[in-house]
1. Here are some residues: LEU89, LEU93, LEU32. Which one is among the aliphatic types (A, V, I, L, M), under 12 Å from the mean Cα position of the chain (by Cα) and within 24 Å of ASP184 (Cα to Cα)?
2. Restricting the search to the range 85-102, which residues are more than 17 Å from LEU173 (Cβ to Cβ) and either in contact with a Pro (Cβ under 6 Å, 6 or more places away or on another chain) or outside any helix (DSSP H, G or I) (or both)?
3. Just to be sure, is GLY148 surrounded by fewer than 23 Cβ atoms within 10 Å (Cβ to Cβ), farther than 23 Å from ALA186 by Cα and either hydroxyl-bearing (Ser, Thr, Tyr) or touching a Leu at 6+ places or on another chain (Cβ under 9 Å) (or both)?
4. If you check LEU105, LEU154, LEU127, which single one turns out to be part of a loop (DSSP other than H, G, I, E, B), surrounded by 14 or more Cβ atoms within 10 Å (Cβ to Cβ), in contact with a helix residue (DSSP H, G or I) (Cβ under 8 Å, 6 or more places away or on another chain) and aliphatic (A, V, I, L, M)?
5. Give all pairs with beta carbons closer than 8 Å in which a residue from the range 125-140 that is in contact (Cβ under 8 Å) with a residue 12 or more places away in the chain meets a residue that is surrounded by fewer than 14 Cβ atoms within 10 Å (Cβ to Cβ) and in a loop (DSSP other than H, G, I, E, B); count only pairs at least 6 apart in sequence or on separate chains.
6. Exactly one of (1) closer than 14 Å to VAL43 by Cβ; (2) at pLDDT below 95 is unmet by SER102. Its number?
7. Can PRO142 be described as assigned to a loop (DSSP other than H, G, I, E, B) and surrounded by 20 or more Cβ atoms within 10 Å (Cβ to Cβ)?
Amino acid sequence: MPISEGVELAAPLVGILVGGRARRMGGQPKGLLRAPGGTERIVPRLLRLCQEALPGARCVLLGGHSAYAELGVPLLDDAAPGAGPLAGLVSLLRAAQAEGRSEVLLLAGDLPRLTAELIERLRSAELPGLALAPMIDGRYQPLFARYGAASLPLAEAALASPDRSLQALLRRLNAVTFPLSLADHAALVDWDEPADISE
């Protein structure tokens, strides 16, 4: 049964990753850059889109970056310092488990063209296993993905291992592939360096 039909399910916990050092952006927090076509910054825009697409969802920022404190959104520290996005996912899954939520959405904080429609589709797609993520050029897109709260033990084991790759974790979780259109590919383009910034 598609999850959108399960009206009794709790809304997901949404985590937006903001803990990166943005070295290629000269240290400027990428999520506070202006999104294309207006004055709205990327992370505030993502927060708004999530509220539009997922009524009742709770959003948190992952990584505890002090530059985002002004947004008034809860900040979760990484489960282990310097361990990359996997540490943010573990913190998010622990929080979801503590709140009794069955799943989480993990979003990168540098997606300036993401749409509410695509977020809603990710949430409403059927989740027969522990994870759902798009795949582009043979690689999962783990920073626009859905993870079941039951994936926490495997995520914690990965965090304690030498291989902290989210690609490897998604393979262990037997992640289902979320289908993308050509327009969806454009919506998932991220900004990693100044040359990527465009209107």
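1. On the way: LEU93 fails: within 24 Å of ASP184 (Cα to Cα); LEU32 fails: under 12 Å from the mean Cα position of the chain (by Cα).
After ruling out the rest, the residue left standing is LEU89.
2. Within the range 85-102, GLY100, ARG101 meet the criteria.
3. Working: surrounded by fewer than 23 Cβ atoms within 10 Å (Cβ to Cβ): yes; farther than 23 Å from ALA186 by Cα: yes; either hydroxyl-bearing (Ser, Thr, Tyr) or touching a Leu at 6+ places or on another chain (Cβ under 9 Å) (or both): yes.
Spelling it out, GLY148 is indeed surrounded by fewer than 23 Cβ atoms within 10 Å (Cβ to Cβ), farther than 23 Å from ALA186 by Cα and either hydroxyl-bearing (Ser, Thr, Tyr) or touching a Leu at 6+ places or on another chain (Cβ under 9 Å) (or both).
4. Values: LEU105 fails: part of a loop (DSSP other than H, G, I, E, B); LEU154 fails: part of a loop (DSSP other than H, G, I, E, B).
The match here is LEU127.
5. ALA125/PRO2; GLU126/MET1; GLU126/PRO2; GLY129/ASN174; LEU130/ASN174; ALA131/ASN174; PRO134/PRO179
6. Result: SER102 passes all but (1).
7. Numbers: assigned to a loop (DSSP other than H, G, I, E, B): yes; surrounded by 20 or more Cβ atoms within 10 Å (Cβ to Cβ): yes.
Judged against the criteria, PRO142 is a match.
The values are calculated or read from the model by the stated rules, or taken from the named source; none is laboratory data. Since this is a predicted model, take the numbers as computed values, not measurements. Quick reminder, even Gly has a Cβ in these numbers, built from the backbone with ideal geometry, and neighbours come from all protein chains shown.
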